[in-house]
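Reviewing the structure listed below.
The values are calculated or read from the model by the stated rules, or taken from the named source; none is laboratory data. These figures come from a predicted structure and were not determined experimentally. Here the Cβ positions follow ideal geometry from the backbone for every residue, glycine too, while neighbour counts run over all protein chains shown. Note: accessible area is taken over every heavy atom of the protein model, side chains too, but ligands, DNA and RNA are not part of it. Shrake-Rupley method; radii C 1.70, N 1.55, O 1.52, S 1.80 Å.
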Amino acid sequence: MAYEGILLGMGNPLLDISAVVDEDFLKKYDVKLNNAILAEEKHIPMYEEMANKPNVEYIAGGATQNSIKVAQWMLQIPGATSYMGCIGKDKFGEEMKKNSKASGLNVHYLEDESAPTGTCAVCVVGGERSLIANLSAANCYKSDHLKKPENWALVEKAKYYYIAGFFLTVSPDSIQLVAEHAAAKNKVFSMNLSAPFICEFFKDAQEKVLPYMDFVFGNETEARTFAKVHGWETEDVSEIALKISQWPKASGTYKRITVITQGADPVVVAEDGKVTQFPVILLPKEKLVDTNGAGDAFVGGFLSQLVQGKPIDVCVKAGCYASNVIIQRSGCTYPEKPEFN
């Protein structure tokens, strides 16, 4: 089967602890709405408090894993996708393995004995979400695991790679190995800007791998932060997407394409020196359940068509379809079968 293992993701597997909270809860833990941050000492009691809420849900997540799960769901081809990351040897880790295998992913987790499985507090207020990630074991991923023959075989087999920017905080050398392999073998390597703090505080690591990126994904806030960090005097998302697409490349096989989502506003796609905007599927406010995973789902939908060689407009449509499905449900979850055509 030509599609077996065609798409490989690497990232920080996190068990989402998702609950509806109120403004006071956000204030108490000094959390901004619609942001993604790494947990500090002051955030630690939050996980216990959320776990005790009556409406709490546990969902196997982490940005890259979400995208790969959605791509797998859209493809409906067993074994089309693989994923690597680090979990702990504990009940949350077992939950993660069960959940990801049920999603049809071929997972090769590194299991760390010393740290608990990473968790992400998903605080939902009025359908909008804030993410506070406590990486724990996810932070322990090492490139030695990637280099093991049974794992490197997944790299060799894949023709498309996707890694969220969050993984730059954990194992930049693993990213570099995959990026260089993709460039050498004329394969397609894609990453996500992922969060403003990645663009700000992991600028050097991001810049080092940017020449290898054939696709760059992100949202408008991340794009504007990227521009600010690089001293570009503009807030214009189209202009920023264009500049990112024109950043020098390490391999000349593919021209870089930048894809920026803007919530309910059109998706901006920059390629070949021009920008195209694609409308999203608008959703009445009362149908919005939770925006958690919307961006991840967009990427998953997009990649599901890209690996089949579909044109960019179809990839964007699939991305919009997938994120539209996800925001009408709690967490990054989906019905049994997609209805995309």
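Tabulated results
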{"read-out": "Segment residue 58-residue 91, length gained on full extension (0.36 nm per residue, minus Cα span)", "value": "10.7 nm"}
{"read-out": "Unit Cα scatterers, Debye sum, the chain: log10 I(q)/I(0) for q = 0.13 Å⁻¹", "value": "-0.94"}
{"read-out": "The chain, relative contact order in percent, only Cα pairs under 8 angstrom and at least six apart counted", "value": "18"}
{"read-out": "Loop-located GluC sites (Glu not before Pro) in the range 98-131, at most 16 other Cβ atoms within 10 Å (DSSP)", "value": "113"}
{"read-out": "Portion, in percent, of the accessible area of the chain that falls on carbon or sulfur, probe 1.4 Å", "value": "52"}
{"read-out": "Signed unit charges on C-beta, dipole axis of the chain, positive-most listed residue 311, 241, 284", "value": "311"}
{"read-out": "Normalised contact order of the range 89-187, rounded percent, pairs of Cα under 8 Å and 6 or more residues apart", "value": "20"}
{"read-out": "Gain on full stretching of the segment that runs from residue 272 to residue 186 - 0.36 nm per residue minus C-alpha separation", "value": "29.1 nm"}
{"read-out": "Of 130, 50, 99, farthest towards positive along the dipole that unit charges on Lys, Arg, Asp, Glu beta carbons give the range 1-153", "value": "99"}
{"read-out": "Alpha-carbon centroids, the range 262-287 and the range 293-311: separation in whole Å", "value": "14"}
{"read-out": "Burial ranking of peptide ranges 322-330, 133-141 (average Cβ count within 10 Å, highest at the top)", "value": "133-141, 322-330"}
{"read-out": "For the range 166-237: accessible area per residue (Å², 1.4 Å)", "value": "38"}
{"read-out": "Contact order relative to length of the range 240-341, as percent, for alpha carbon pairs under 8 angstrom and 6 or more apart", "value": "21"}
{"read-out": "Net charge dipole size for the chain [Lys, Arg +1 and Asp, Glu -1 on Cβ; Debye, nearest 20]", "value": "900"}
{"read-out": "The range 98-154 versus the range 1-58: alpha-carbon centroid distance in Å", "value": "12"}
{"read-out": "Per residue accessible area in Å² of the range 99-145, where ligands, DNA and RNA are left out and the probe is 1.4 Å", "value": "36"}
